[in-house]
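The values are calculated or read from the model by the stated rules, or taken from the named source; none is laboratory data. Because the structure is a prediction, the values reported are computed rather than measured. Positions of Cβ are generated from backbone atoms using ideal geometry, with glycine treated the same way; all protein chains shown enter the neighbour counts.
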Amino acid sequence: METRVQKRKKKIRKGRMIFALFILFIMIVAGYAGSQYWLGYQSSQGAAPTLQQGEEFQRSSPENGKRNILLIGVDSRGEEKSRSDTMMIAQWDSESDTIKLVSLMRDIYTEIPEYGPYKLNTAFYLGGPELLRKTIDHNFDVPIHDYMIVDFKAFETAVDTIAPDGIEMNVEKAMSEKIGVSLEAGEQKLNGQELLGYARFRADSEGDFGRVDRQQQVIEALIDHTVSVSSIARAPKTIGSVQPYLQTSISESSKLRLFSSVLFSGGGEVERLTVPVEGTYSTPTYEGAGSVLELDWAANQEAIKEFLK
């Protein structure tokens with residue numbers, strides 16, 4: 001019969017064994033994550049474009065725990081300067097782990113500080129993320145705390161790494177014009193190039209509005225897929241492989257919290273808003289600018305304020 005001392009020693013040994021196994025597990029996970037990140041990073045070397053910098057970005061901290069991140073999608077094609085093809089404000093609420101997306105149409109005719117009236121996507125071409133931040137703050141009265149520039153190659157790489165079998169999408173119509181791929185209508189799994197082509201398609205009566213809606217659908221589908229167990233296992237390699245195609249002001253600690261939020265929140269619906277909102281704009285044509293979206297600024301500022309509150 002075991003004495004009380006023997007039982008206590010046995011309990012201590014068992015506790016030490018559990019603790020040792022826990023430490024070993026952490027080391028294995030950390031080693032796997034590190035090796036996968038390095039493999040992903042190495043696989044992308046030599047192919048990364050140089051993303052433009054412009055004026056130093058004036059980042060700030062949110063006052064209410066809601067961080068507004070300016071997402072800028074570019075197709076650099078090796079060029080030093082390019083217009084922003086996609087512009088979104090992603091609001092991440094760190095307390096509730098929720099994400100809201102505001103898509104800004106690139107043809108919005110706006111006042112770019114120190115330059116005058118241009119289409120919104122010209123701000124990035126003229127002065128990088130900082131001038132785009134100033135333009136959004138000046139015209140929409142929305143504070144931007146951080147930015148992330150994503151070259152389209154990063155998008156393709158991320159999709160193919162984290163979802164080697166593709167992302168399931170319901171393609172509403174046949175698409176091929178000016179997107180580099182040919183898609184048939186119907187439910188199907190799209191690889192990185194196909195998903196990017198789907199998100200960029202605009203050759204129909206919906207034009208840019210349809211394109212923005214598809215971009216939002218794609219982001220939702222990616223977030224839903226990312227929270228699966230297999231995708232979490234591939235996350236380190238994915239992050240490593242897209243690093244050369246990303247440029248961001250987000251600190252490493254904030255980046256880690258954001259990735260953790262997306263990976264372990266269990267998904268959930270992403271709230272979406274497209275600006276300009278319906279019935280608050282006209283479509284005049286100006287010399288030197290072509291067809292533009294001229295906004296009712298008060299109505300759109302109020303819509304964004306109400307959405308992001």
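Tell me, yes or no, whether the range 254-273 has at least one residue that is among the hydroxyl-bearing types (Ser, Thr, Tyr), part of a strand (DSSP E or B) and either surrounded by fewer than 19 Cβ atoms within 10 Å (Cβ to Cβ) or at pLDDT below 65 (or both).
Within the range 254-273, not a single residue is among the hydroxyl-bearing types (Ser, Thr, Tyr), part of a strand (DSSP E or B) and either surrounded by fewer than 19 Cβ atoms within 10 Å (Cβ to Cβ) or at pLDDT below 65 (or both).
Which of the residues spanning the range 198-220 are part of a helix (DSSP H, G or I), farther than 24 Å from residue 159 by Cα and either modelled with pLDDT of 90 or more or in contact with a helix residue (DSSP H, G or I) (Cβ under 7 Å, 6 or more places away or on another chain) (or both)?
Selection gives nothing.
Checking the condition in contact with a helix residue (DSSP H, G or I) (Cβ under 9 Å, 6 or more places away or on another chain) and closer than 30 Å to residue 58 by Cα, which residue from 157, 161 passes?
157
In the range 68-125, which residue that is more than 17 Å from residue 295 (Cα to Cα) and among the basic types (Lys, Arg) is modelled with the lowest pLDDT?
Ranking the qualifying residues of the range 68-125, first place goes to 77.
So that you can scan it fast, the table gives a plain yes or no per residue for (1) buried (at least 22 other Cβ atoms within 10 Å of the Cβ); (2) in contact with a strand residue (DSSP E or B) (Cβ under 6 Å, 6 or more places away or on another chain); (3) of a type outside the set (A, V, I, L, M, F, W, C):
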site: 73; (1), (2), (3): no, yes, yes
site: 102; (1), (2), (3): yes, yes, no
site: 106; (1), (2), (3): no, no, yes
site: 122; (1), (2), (3): no, no, yes
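Hey, among the residues in the range 282-308 that are of a type in the set (A, V, I, L, M, F, W, C) and part of a strand (DSSP E or B), which one's farthest from residue 137 (Cα to Cα)?
Among them, the one singled out is 293.
I need the full set of residues from the range 137-170 which are at pLDDT 90 or above and closer than 17 Å to residue 217 by Cα, in order please.
Listed by number, the residues that qualify are 166, 167, 168, 169, 170.
Considering every residue within the range 221-237, establish whether at least one is modelled with pLDDT of 85 or more and either in a helix (DSSP H, G or I) or of a type outside the set (S, T, N, Q) (or both).
Within the range 221-237, one or more residues are modelled with pLDDT of 85 or more and either in a helix (DSSP H, G or I) or of a type outside the set (S, T, N, Q) (or both).
From the list 134, 178, 173, which one is modelled with pLDDT of 95 or more and outside any strand (DSSP E or B)?
Unique residue meeting the criteria: 134.
Among all residue pairs at least 6 apart or on different chains, which show Cβ distances below 6 Å where the first residue, located in the range 285-309, is loosely packed, with under 12 Cβ neighbours inside 10 Å and the second is of a type outside the set (Val, Ile, Thr)?
285/291
State yes or no: is residue 247 closer than 30 Å to residue 166 by Cα, out of contact with any Pro (no Cβ under 6 Å at 6 or more places or on another chain) and modelled with pLDDT of 65 or more?
Spelling it out, residue 247 is indeed closer than 30 Å to residue 166 by Cα, out of contact with any Pro (no Cβ under 6 Å at 6 or more places or on another chain) and modelled with pLDDT of 65 or more.
Quick one: in the range 100-133, which of the residues that are of a type in the set (D, E, K, R) and over 17 Å from residue 71 (Cβ atoms) is nearest to the chain's Cα centre (by Cα)?
If we take residues in the range 100-133 being of a type in the set (D, E, K, R) and over 17 Å from residue 71 (Cβ atoms), then 107 is nearest to the chain's Cα centre (by Cα).
Which ones in the range 157-187 are of a type in the set (Asp, Glu), in contact (Cβ under 8 Å) with a residue 24 or more places away in the chain and farther than 21 Å from residue 208 by Cα?
Those that are of a type in the set (Asp, Glu), in contact (Cβ under 8 Å) with a residue 24 or more places away in the chain and farther than 21 Å from residue 208 by Cα: 160, 165, 168.
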